[in-house]
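> Can you read through this structure? Questions will come right after.
The values are calculated or read from the model by the stated rules, or taken from the named source; none is laboratory data. Only a predicted model underlies this, so the values are computations on that prediction, with no experimental measurement involved. So basically every Cβ, Gly included, is an ideal-geometry build from the backbone, and we count neighbours across all protein chains shown. All accessible areas refer to the heavy atoms of the entire protein, side chains included, with ligands and DNA or RNA removed. Shrake-Rupley method; radii C 1.70, N 1.55, O 1.52, S 1.80 Å.
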Amino acid sequence: MSRNIVIVGGGAAGYFAAANMDGLPAGVSVTILEKSNKTLSKVKVSGGGRCNVTTSTDQVGALVKHYPRGEKQLRNLFKAFGPEQVRAWFEQRGVALKTEPDGRVFPASNDSQTIIDCLRNEAQRLGVKVQYGAAVQAIEKVGAQYELLLANGEKLMADYLLLATGGHPKAAAYSWLTDLGLEIEAPLPSLFTFNIPDFPLVSLSGTAVPNAEVKIAGTKLSHDGPLLITHWGISGPAVLKLSAYAARELAGKDYQFQVLVKWDASWNEDLIRNWVADNRSSQAKKKISNSPLKPLTQRLWAALLEMAGVDGEMRWADLPKKMANKLINSMVSMDLTVKGKTTFKEEFVTAGGVKCGEVDFKTMQSRKFEHLYIAGELLDVDGVTGGYNFQNAWSGGYVAARDIVSKCQG
Ligand SMILES: Cc1cc2nc3c(=O)[nH]c(=O)nc-3n(C[C@H](O)[C@H](O)[C@H](O)COP(=O)(O)OP(=O)(O)OC[C@H]3O[C@@H](n4cnc5c(N)ncnc54)[C@H](O)[C@@H]3O)c2cc1C
């Protein structure tokens, strides 16, 4: 009996699903419908062209903590097919991988094309067809099948359907799914850096601080990690993580808010106050500018002194109390005005999408529609940077594919 498996979207999730459709009985075809004229385009540009394919964080409890949305639901998915399985999958197919000290996993070639070639070879080996310029506009359930209407007017029937069309920051892009009856969480951007016009530290652009804490003033939302001073504001893992966890709150503020920066996450006001008091007595005759507290660089320390109005030539014993207070404040709670956001190396993801409750994460099948599956960023799942977004895409694609194959075999 001939049956059609149709995958909508030739990105990471869709292609990985296609590459895992082995074991199908004769007469079952697999087709990827891709709206553009190329597949895997995000994989190509990902990780600055190197493709941060996954992470070395294998323990499921720790792994799901990297997903501001989807944490609970992903547990089942990652138990079935997690980063360890992803690494093994690529390695078994001849892709050498390497893990960087921060846990990010890349192809040893440092070239995303290695990942693309591997996926293409697998899909080709399995006889997967790819139809380009095939933008699905509407889906209708007709009996046990799905009728797909393409933008060019063409109609196609599918016995099994996997939706893997990725994220989109505009709600209108999901109307064909709401029309079908799927519930959507309002989409908005995640993973961005903070713009600070008139940034007082702009001359330090390029300076990295190893473990700062960034907090949104008036909230409990804060994250720590490396922070990078840029020519437009602040960036780096601490900022990107905060942008992801606070994506909804920050959209609600139209990206206009105050952040408080502590230049080392382990500091607190008492500790810095004591350090200043101690320096006043033990370093009394020393120039303040010559004794930055680690991990502040000499240049960042000089800038903090200047902002507190402290003359670089001043000695610790002469530091007036008011200036000392200002200095302490700029060390543990520098108040910066954010006006707008910028994408980080063009890398971004969508928070929101098909609500997690629509899908059984053990199979990635829709709870409402039999034989309809959803995977990847189209779901209301997104991770922070570090290979977590591809991991979601690979895992969802794999689990959906294996469930479809086993149903076709049964
Ligand atoms: C510049 C950049 C760099 C990134 N780098 C990394 C990284 O290094 N590591 C990491 O983990 N994550 C990274 N990400 C995030 C990651 O790329 C995505 O999370 C991931 O690609 C999502 O996979 P997906 O298959 O769900 O969607 P996508 O990869 O976006 O694929 C969706 C596909 O569906 C097609 N499509 C859309 N609508 C339709 C339709 N109606 N009909 C037919 N086809 C349709 C699209 O054209 C696209 O080809 C990066 C993102 C960007 C933008």
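> Just subtract the alpha-carbon distance of Asn76 and Ala277 from 0.36 nm times their residue separation and send over the number in nm, one decimal. Present the calculation step by step, with values, prior to reporting the outcome.
Values: separation 201, 0.36 × 201 = 72.36 nm, distance 5.29 nm.
Here the answer is 67.1 nm.
> Further question on the same structure: Please list the non-local residues whose amide H lies under 5 Å from the amide H of Tyr373, H modeled 1.01 Å from N, same-chain partners needing a gap of 5 or more.
Result for Tyr373 returns Leu161, Leu162, Leu163, Ser366.
> Compute the FRET efficiency between Lys170 and Lys294 as 1/(1 + (r/R0)^6), taking r as their Cβ-Cβ distance and R0 = 45 Å, and round to the nearest 0.05. List each step's numbers first, then the result.
On the way: r = 46 Å, r/R0 = 1.02.
FRET efficiency, Lys170 to Lys294: 0.45.
> Can you give me the distance in nm between label points at Glu147 and Asp58, each placed 7 Å from the Cα along the Cα-to-Cβ direction?
5.0
> I would also like to ask the following. Between the alpha-carbon centers of region 201-226 and region 351-410, tell me the distance in whole angstrom.
Comparing the Cα centres of region 201-226 and region 351-410, I get a distance of 34 Å.
> Here's a follow-up. In nanometres, what is the gap between the two model label sites at Thr342 and Gln258, each 7 Å from Cα along Cα-to-Cβ?
The modelled label-to-label distance comes out at 2.4 nm.
> Okay, moving on. Which helices of the chain meet both criteria: a Cα extent of 27 Å or more along the helical axis and a mean Kyte-Doolittle score no lower than -1.0, with helices taken as whole DSSP H segments? Write down the numbers at each step before the final one.
Values: long enough: 388-409 (31 Å, -0.37).
Helices meeting the span and hydropathy rule in the chain are 388-409.
> Roughly speaking, to the nearest percent, how much of the chain's 1.4 Å accessible area is carbon and sulfur? It would help to have the intermediate numbers written out before the result.
On the way: 8770 of 17690 Å².
Roughly 50 percent of what the probe reaches on the chain is carbon or sulfur.
> For the chain, what is the charge dipole size about the Cα centre, in debye to the nearest 20, if Lys and Arg each add +1 at the Cβ and Asp and Glu each add -1 at the Cβ?
On the way: 47 positive and 41 negative charges, 132 e Å.
In total the dipole reaches around 640 debye.
> What distance in nm separates the simple spin-label points at Ala108 and Met307, each placed 7 Å from Cα in the Cβ direction?
4.5
> With the other protein chains left in place, how much accessible area per residue, in square angstrom, belongs to the chain at a 1.4 angstrom probe?
On the way: 17690 Å² over 410 residues.
Computed with neighbouring chains in place, this is 43 Å² per residue.
> Can you tell me the length gained on complete extension of the stretch Ala284 to Ala26, counting 0.36 nm per residue apart and subtracting the Cα distance? Show your work: numbers first, answer last.
Numbers: separation 258, 0.36 × 258 = 92.88 nm, distance 8.49 nm.
Length difference between fully extended and current span is 84.4 nm.
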